Amino acid sequence: MTEDLITGTEHWRRIRRLLNEHRLELAALAARLYPGLPRVAGTDLLCWPGWLPATPLDLADLRLGWVSAPPPPAADGTGDAAAHVLPRSAAGLAYPTYAAAIEALDRPALFENRVCYRLLDAELGGPDPALPDQALLEEARPDQSRPGPACPPRLRFGLARYFDALNLGHAVAHELTGAWASSGTPPDRADLDWAALPLRASAGDPCALPRRSALTAVTTLTVRRAPGGAASFLLHWRDPARVNHAGGLYQVMPAGIFQPLSAAPAARRHDLSLWRCMTREFSEELLGGSEEYPTRDGRLDYGRWPFHRELAAAREAGTLRVSCLGLGVDPLTLATDILTVAVFEAAVFDRLFRGLVTENAEGRVVTQDGSAAIPFTRATVDRFTGGAEPLQTAGAALLRLAWQHRGVLGISG
């Protein structure tokens, strides 16, 4: 191995370390590159008009559309455009993609190129009661324009793979980190030139979803509502040795990539449900449940799963309210989050999550004064969203939105 190859590989690893060590400061730096885009609740999370409903949107009112043949992304983080952020192997060959470089040089414990849902467009502005009802799953033309404000709230999806998003999102984050490291200035004073960010420039507007493989996380704030309305919530610390994204940061929980349970064709439409995704994440992150489920032809019979039935019964009884508060894009990695909140009455929460874990496959549950119940108060929200604690950008935005809508959500602080 030549000295140049060793230097190139070590430089790549060094930039990766800097990215993880300064992720929030670099996200703020990345956000400054897009002064014309709105922010979610005063955070660095980017959005488009129509992505933030004026009031919490009941999950049952959010329709999901299906596109069987979505257009290929205009920017994918591969080829010559990404060559400057890819190291070379010991044989002197450039890794073909950023995912391939991670696999060889910096692989976390959880790293799999699974089938995922690719978000193509979104409209969360609220339903027009004059419009006729639509089927929950609809086949849409891939060239159909974004729905206007008169459309019912909906999200449209196609299929992609996890590495499709990683190859671009992590590469542009690496590119920005390298440009900042070369500038010799602190992140809060850095003023990067777009000429140093050709891959990011080629990606265009981070919120122009069809231009890239915009995979989404369903990011949920789990709230326990005590009698009288006083509330608490859960936080998770993401272990950088176990996860590929946002290691070392706090995040609300559960949060997971929106994906079918299996790669089987039968699962693709069957699992196109935010609620089913959330149910699996509640089981896995809060209770330490396995990601291996009993399936037939790749499909899980949710109606026969006792935990799903209990959650569904709580929704039906009104002791669990599940709402969507919006959608946003992380400016650093282009990670896209569907922001949801689940408010459990205390007795229901205590029964369903009496086996709440202290740690799971991705990290540990945060405790305060020996309890996993973090008080939902103005002081706590300010502490975790004001920079005093390393909370992921999407989690900070969601906490602020929940505080903003606390009256509608039936919780007090």
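Remark on Ser89: its backbone amide H falls under 5 Å from those of Ala94, Tyr95, a criterion applied only to residues 5 or more positions apart or on other chains, H modelled at 1.01 Å from N. For Ser182, the solvent-accessible surface with a 1.4 Å probe is about 100 Å², rounded to the nearest 10.
Loop-located trypsin sites (Lys or Arg not before Pro) in region 62-128 (DSSP state not H, G, I, E or B) with no more than 16 neighbouring Cβ atoms inside 10 Å: Arg114. Overall, region 46-108 carries a charge dipole of about 120 debye about its Cα centre when +1 sits on the Cβ of Lys and Arg and -1 on the Cβ of Asp and Glu, all other atoms neutral.
Solvent-accessible area assigned to carbon and sulfur over region 304-392 amounts to 48 percent, based on a 1.4 Å probe. The residues Trp237, Trp305, sorted by heavy-atom accessible surface at 1.4 Å with ligands and nucleic acids left out, run Trp237, Trp305 from largest to smallest.
For the chain, the residue among Thr177, Val408, Gln259 whose Cα projects farthest onto the positive side of the dipole built from Cβ charges is Val408. Legend: P(r) of the chain from all alpha carbon pair distances, 20 Å bins from 0, whole percents, reading 27, 59, 14, 0. Each 10 Å bin, from zero up to the one with the longest distance, holds this percent of the alpha carbon pairs of region 31-93: 13, 22, 32, 21, 10, 2.
For region 212-286, the equivalent ellipsoid derived from the Cα gyration tensor has semi-axes of 25, 18, 10 Å, listed largest first.
In the chain, the calculated helix contribution to ellipticity at 222 nm averages -8500 deg cm²/dmol per residue, counting -39,500 (n - 2.57) for every DSSP H run with n ≥ 4.
Among the trypsin sites (Lys or Arg not before Pro) in region 161-247, those located in a DSSP loop and surrounded by at most 13 other Cβ atoms within 10 Å of their own Cβ are Arg189.
Rolling a 1.4 Å probe over the protein chains gives Ile411 an accessible area of about 10 Å². For the chain, no complete DSSP H run has alpha carbons reaching 18 Å or more along its own long axis together with a mean Kyte-Doolittle score of 1.6 or higher. Solvent-accessible surface of region 1-90, taken per residue with a 1.4 Å probe and all protein chains present: 49 Å². Here the chain is treated with +1 on each Lys and Arg Cβ and -1 on each Asp and Glu Cβ, and its dipole about the Cα centre works out to around 540 debye.
Solvent exposure of region 178-269 amounts to 35 Å² per residue of accessible area, where only protein heavy atoms count and the probe is 1.4 Å. Relative contact order for the chain: 22 percent, from Cα pairs under 8 Å spaced at least 6 residues apart, divided by residue count.
Looking at the chain, which longest stretch skips every one of the GluC sites (Glu not before Pro) that is in a DSSP loop with at most 16 other Cβ atoms within 10 Å, leaving the sites themselves out? No qualifying site falls inside 139-290, the longest such stretch.
The values are calculated or read from the model by the stated rules, or taken from the named source; none is laboratory data. None of these values were measured; they are calculated from a predicted model. Note: ideal-geometry Cβ built from the backbone for every residue, glycine included; neighbour counts use all protein chains shown. The protein model used for the area step is the full one, side chains on, heavy atoms only, and it has no ligands, DNA or RNA in it. Shrake-Rupley method; radii C 1.70, N 1.55, O 1.52, S 1.80 Å.
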